[in-house]
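Each reported figure results from applying straightforward, stated rules to the coordinates on display, with no laboratory input. Just so it is clear, the structure is predicted and the values come from calculations on it, not from any experiment. Cβ placement follows ideal geometry from the backbone for every residue including glycine, while neighbour counts extend to all protein chains displayed.
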Amino acid sequence: MPQSSSAAPPFAFEHSLAQELPGFYAPAQAANFPKPRFLVLNTALAQDLGLDAARLNGAQGAAIFSGNAPPVNARPIALAYAGHQFGNFVPLLGDGRAMLLGELISPLGRRDLALKGSGRTSFSRGGDGRAVIGPVLREYLVSEALHALGIPTTRGLAAVTTGESLWRPGAYPGEQPGAVLTRVAQSHIRVGTFELYAARGDTAQVKRLADYTIARHYPAARAQPNPYSALLTAVAEAQAKLVAGWMAVGFVHGVMNTDNTSIAGETLDFGPCAFMDAYHPKTVFSSIDAQGRYAYGNQPVMARWNLARLAEILLPLMASNEAEARALAHAELAAFPDRYAVHWQAAARAKLGLQRADSGDAELIGWLLAAMQTEAADFTLTFRELAMALRGDTTPVRARFNYAADFDAWLTRWQARLAQEHGTDQAQLAIAARMDTVNPLYVPRNHRVEAALEAAKTGNLSPFHALLAAVTQPFTARTEWAAFAEPAPPSAGAFTTFCGT
Ligand code: AMP
Ligand code: MG
């Protein structure tokens, strides 16, 4: 048995999922790791969660966050789920290397606290149940960056090394230190969780899960005339908002399988994710996504595909008459592109400093993106440079566009559109300032992330912490972070990510 130290600080855990959803999990026990050591503790998040960061930041905390010494009232379980992976249905996946410690009742609300990489479970199949330092720090870094960008995401509370050394394939095959990530999520219920019993035709279990999900995440749906139809609508809305958020910062999730699609609408499971440098809708980083199924520009379509899998499952709950249920589901899915467009256009307008919707907006943003694609313009910097243009310096942004006359014509149209809303020169400065609060200067660029992770593998965490500092304050220019704003030199070549093993 893992040791439960009575001296460990108390965690205000509840276990509603374990109590209310038998059949959706299996008991789990962490491996006994030789030597847990902190890589990073998220003290700000710990405080937000009402945890005593000072007491956690030592050997005792490392023992907790490796799984060696779960807090006294933890109840470690591995969650069961199914899922469509790259379109193919897998009837049983589940947490093969993760375990939920409990639901923390915190000032932020109810939050799952889960360990990833903590050892084998009933769902490990051939896997070792472990994670290694590279992917663990990558998920930590990217989730904190997304959070700082205002995008719903699971978060990293802690990362520890385990004292083990594990062989992994990938860009740099070889031995890597084993590591465990402590993840905080609104919940770990996925579209794949619904698919688990739906595939077996067990509508009673699906209903239990749907009722639990409504109570936990979308309580307003309960009061609707058709709560299950309202649940589908709520998930659609959360996914539309989430994916629009990704698109607005050039984020490519990389593996939008239904088992990685959070019902609460958080970014979940950062395997081969990456931020794009040069704008192109077909941008793909994952080594296993040869067809570009989860390419940048395909993400809204894939979100709808995942939603369709959920809709099929909810049919028997939505109406006893099948035709009626299908009509409801069909209407929701048909509305998804517009639902997404509302969020995307709001985000795109904000990126251009516009506050009011106008019938010409889609064309205005569309022309810019098409030109950026032709020029392989850097997605992040172009929008920062547009704000500079409003401040009077058009040189950097104009330099990105070879067809300067066409681009100048667009600049004139854009500024005319801004003038419609505002008018004065002084307003231009205010608009530029506002644009800088939505267009980041620092995103976790792939070459920087790789360099930070490579250094961390050899025990040097300085590059990781420097990059983390910049990407968690992504809107504020600082001289010492100037290099983090730069794209990779052309000599770096195409970048490939490998699944989170
Ligand atoms: P992921 O790619 O992290 O979303 O994982 C997909 C599935 O593979 C999940 O069921 C994981 O639990 C499982 N899995 C991934 N890596 C391992 C591992 N090292 N050991 C056991 N299961 C794993
Ligand atoms: Mg996953």
note = Cβ-Cβ cut-off under 13 Å around Ala236, Lys and Arg +1, Asp and Glu -1: the net charge is +1
key: Kirkwood-Stokes translational diffusion coefficient of segment 13-188, alpha-carbon pairs, 4 °C, 1.567 mPa s, µm²/s   = 79 µm²/s
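Shape of segment 385-439 from its Cα gyration tensor (a ≥ b ≥ c, root eigenvalues): rounded if a/c is under 1.5, otherwise prolate when a/b > b/c, or oblate? Intermediate results must be reported in sequence, preceding the final value.
Details: a/c = 2.24, a/b = 1.41, b/c = 1.59.
Note, shape of segment 385-439 comes out oblate.
Taking the Cβ of Asp338 as the center, what net charge do the other residues with Cβ under 12 Å away carry, scoring Lys and Arg +1 and Asp and Glu -1? Working shown, then result.
Numbers: positive: Arg304, Arg339; negative: Glu237, Glu332.
Spelling it out: positives minus negatives among the neighbours equals 0.
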note = Under 17 Å by backbone N from the virtual spin label 7 Å along Cα-to-Cβ at Lys282, the residues of segment 438-455 are none
ask   = Which net charge results when you count Lys and Arg as +1 and Asp and Glu as -1 among the other residues whose beta-carbon is under 13 Å from that of Gly83?
value = -2
key: Charge-dipole axis of the chain as Lys and Arg at +1 and Asp and Glu at -1 on Cβ define it, positive-most pick from Asn321, Ala240, Leu100   = Leu100
note = Length-normalised contact order of segment 13-188, Cα under 8 Å, at least 6 apart, in percent, tallies to 25 percent
request  = Among Trp344, Trp305, rank each residue by its count of other Cβ atoms within 10 Å, from fewest to most, as a rough exposure measure.
outcome  = Trp305, Trp344
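Considering Cα pairs under 8 angstrom that are at least six residues apart, work out the relative contact order of the chain and quote it in whole percent.
Details: 957 pairs, mean separation 70.9, N = 501.
Value for the chain: 14 percent.
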Relative contact order of segment 192-350, defined on C-alpha pairs under 8 angstrom at six or more residues apart (%) = 27 percent
message = Test of understanding: extend the Cα→C-beta vector of Lys457 to 7 Å, then name every residue of segment 153-183 with backbone N under 20 Å from that spot.
response = 159-181
inquiry  = Quick check: the angle from helix 462-471's long axis to the longest principal axis of the chain, C-alpha only, nearest 10 degrees?
reply    = 60 degrees
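Pull out a ≥ b ≥ c, the square roots of the eigenvalues of the alpha-carbon gyration tensor of the chain, then state rounded if a/c is under 1.5, prolate if not and a/b is larger than b/c, and oblate in the remaining case. Don't skip to the answer; put the middle values down first.
Details: a/c = 1.87, a/b = 1.27, b/c = 1.47.
It comes out oblate by the Cα gyration axes.
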query = In the structure displayed, which of Lys241/Lys457; Lys351/Lys457; Lys207/Lys241 lie more than 31 Å apart, Cα to Cα?
reply = Lys241/Lys457; Lys351/Lys457
